[in-house]
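A.B. asks: Before I ask anything, let me first share the structure, which is written out below as structure tokens.
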Amino acid sequence: MNTMKKGRLSLLVLVLSTILAPLGCAAGPPVREGAVPAEDVRVELVEWARLAQSAHNYQAWRIVLDPARGDRMDLFVETDRLLPETDPYSRQTLISLGTFLAVIDARAAQLGRRADIDLLPDGDLDDRDLARLPAARITLTRAEPTQSRFAAAADVDALTTATVKYRYRPAEIDAALADRITAWSGNGLRVEVVTEPDEVAWLNRVSIDAFTIEMEHEPTLMETYESTRWNGRARRQDPYGLAFTANFPRRTLWLADTMMTIAPQRPAAFGRTGVRLFTGALDDINTYIVLKTDDNSRRSQIEAGMALQAFWMELHSAGHVVLANSQALQEYPAMAPLYEEVHERLAPEGGTVQMLLAVARPRGGRHAFSPRFAAEELIVRR
Ligand SMILES: Cc1cc2nc3c(=O)[nH]c(=O)nc-3n(C[C@H](O)[C@H](O)[C@H](O)COP(=O)(O)O)c2cc1C
């Protein structure tokens, strides 16, 4: 490129950055570090739990505060935000209810409360109307923080660190941390830390193949494409769904936002770019966590999500990040061969693989948070 063209390009980038930078960077949940806790402790707990992990960041959480008891609230599935193509049986959604509950538990402990979490208090969920019955009833009592397994295992303050995706260095999990993670096994849950190179190579290969299917299968590609927020304005307007905040540090996020605003990629190109970036990212993965349950009940799915969030917090506290690779576990026909391959190899004795988590250390750079609903938008008052 000649000097004049380079000069014009720099000028264009400068002008665009001035105009569009505010679109890009202002997103993300205001983590209320140091803020005075909300007066109603239930709202305070939701304020933190909304930062939990959820499939496609859909935050399918609806919290109903008990009008008669200030110490009680129910958690329901928010059926306005399901992923029918990617998650046809809402298994990942139920895992995402578990993640929310783990943060409730851990934050309650931090505030000197115990959260008694009663799963499926009015019976199993109705698959035809997942929001008919509560998934969990939470009752708060005053207790010593150490009574919470989630608070003891994990650091809820890890939620004040933004996730980094695809910008990795290899993980360095010591034996003590690996033991703490596998100690979540029991009560129908099986947790394994995989570092054996051939097994990791196979998991990387399966993850890439599955990601490619998700991005080439039109219904799932379109669901992902439509759930992606291209810039800060979109993240504020619809504060759920996927964002590039984890993929690009703030320094370059505005550029990615600007490019996607001016010249948005079409779905097929978006899918191809995703596969390329994902494939490159897995080069540095040397560790996986495999999360399995003996059965595939709604209760087990929620419990798997609780454990998942505990690892997530614990690994973030230890300077690592976790990349959930759920594609090979998705239950639509195009994914069936990989789903079977994974289950034959990882669960030959039966059971359901609920999650494959690649573990890594993030490369440097400050990242913005993914969008989140404000607590009040998740809460229903009756
Ligand atoms: C059940 C479940 C499945 C997920 N699957 C994926 C996945 O396949 N790929 C991925 O990159 N992230 C996955 N995630 C992570 C979410 O995308 C992430 O939690 C969400 O976008 C919040 O973003 P944050 O970590 O930047 O706050 C999953 C999370 C959960 C709870």
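The values are calculated or read from the model by the stated rules, or taken from the named source; none is laboratory data. Predicted model, so just to flag it, every value in this text is computed and none were measured. With ideal geometry, Cβ positions are generated from the backbone for all residues, glycine too; neighbour counts draw on all protein chains shown. Remember, those area values only see protein heavy atoms, side chains included, never the ligands or the DNA or RNA. Shrake-Rupley method; radii C 1.70, N 1.55, O 1.52, S 1.80 Å.
A.B. asks: To the nearest 20 debye, what is the magnitude of the charge dipole of the stretch 168-362 about its Cα centre, counting +1 on the Cβ of each Lys and Arg and -1 on the Cβ of each Asp and Glu?
C.D. replies: 1100 debye
A.B. asks: What whole number of Å gives the distance from the Cα centroid of the stretch 315-382 to the Cα centroid of the stretch 185-247?
C.D. replies: 6 Å
A.B. asks: Next question. Among 181, 317, 297, whose Cα projects farthest towards the positive end of the dipole of the chain, with charges put on the beta-carbon of Lys, Arg (+1) and Asp, Glu (-1)?
C.D. replies: 317
A.B. asks: Still on this structure, please answer the following. Find the eigenvalues of the gyration tensor of the Cα atoms of the stretch 57-138, then list the square roots of 5 times those eigenvalues as equivalent ellipsoid semi-axes, largest first, in whole angstrom.
C.D. replies: Those come to 23, 15, 10 Å.
A.B. asks: Quick one: 3J(HN,Hα) in Hz for the stretch 186-203, Karplus 6.51/-1.76/1.60 with θ = phi - 60°, rounded, Gly and Pro as x.
C.D. replies: x, 6, x, 10, 10, 10, 10, 9, 10, 10, 5, x, 5, 5, 5, 4, 5, 4
A.B. asks: Treating the beta-carbon of each Lys and Arg as +1 and of each Asp and Glu as -1, no other charges, what is the dipole magnitude of the chain about its Cα centre, to the nearest 20 debye?
C.D. replies: Taking the Cα centre of the chain as origin, the dipole is about 1940 debye.
A.B. asks: With springs connecting C-alpha atoms under 10 Å apart, model the chain as a Gaussian network and identify which of 106, 336, 162 has the largest mean-square fluctuation.
C.D. replies: 336
A.B. asks: Around residue 114, which amide H atoms from residues at least 5 apart in sequence, or from another chain, sit under 5 Å from its own amide H, with H modelled in the peptide plane?
C.D. replies: Here the answer is 141, 142, 143, since their amide H atoms fall under 5 Å of that of residue 114.
A.B. asks: Considering the chain, what Rg and Dmax in Å follow from its alpha-carbon atoms?
C.D. replies: My reading of the Cα-based Rg and Dmax gives 20.8, 73 Å.
A.B. asks: So, for the chain, what is the accessible surface per residue at a probe of 1.4 Å, expressed in square angstrom?
C.D. replies: I get 44 Å² per residue for the chain.
A.B. asks: Accessible area of the chain with a 1.4 Å probe: how many percent of it is carbon plus sulfur?
C.D. replies: 52 percent
A.B. asks: Taking θ = phi - 60°, what integer Hz values does the Karplus form 6.51 cos²θ - 1.76 cosθ + 1.60 yield along the stretch 42-59, in sequence order, with x for Gly and Pro?
C.D. replies: Along the stretch 42-59, the couplings run 5, 5, 4, 5, 5, 3, 8, 5, 5, 8, 5, 6, 8, 4, 6, 6, 7, 6 Hz.
A.B. asks: When the Kirkwood hydrodynamic radius is evaluated over all pairs of different C-alpha atoms of the stretch 168-362, what value in angstrom, to one decimal, is obtained?
C.D. replies: 17.9 Å
A.B. asks: Still on this model: Which residues' amide hydrogens lie under 5 Å from the amide hydrogen of residue 136, considering only partners 5 or more residues apart or on another chain, with H built in the peptide plane?
C.D. replies: 75, 120
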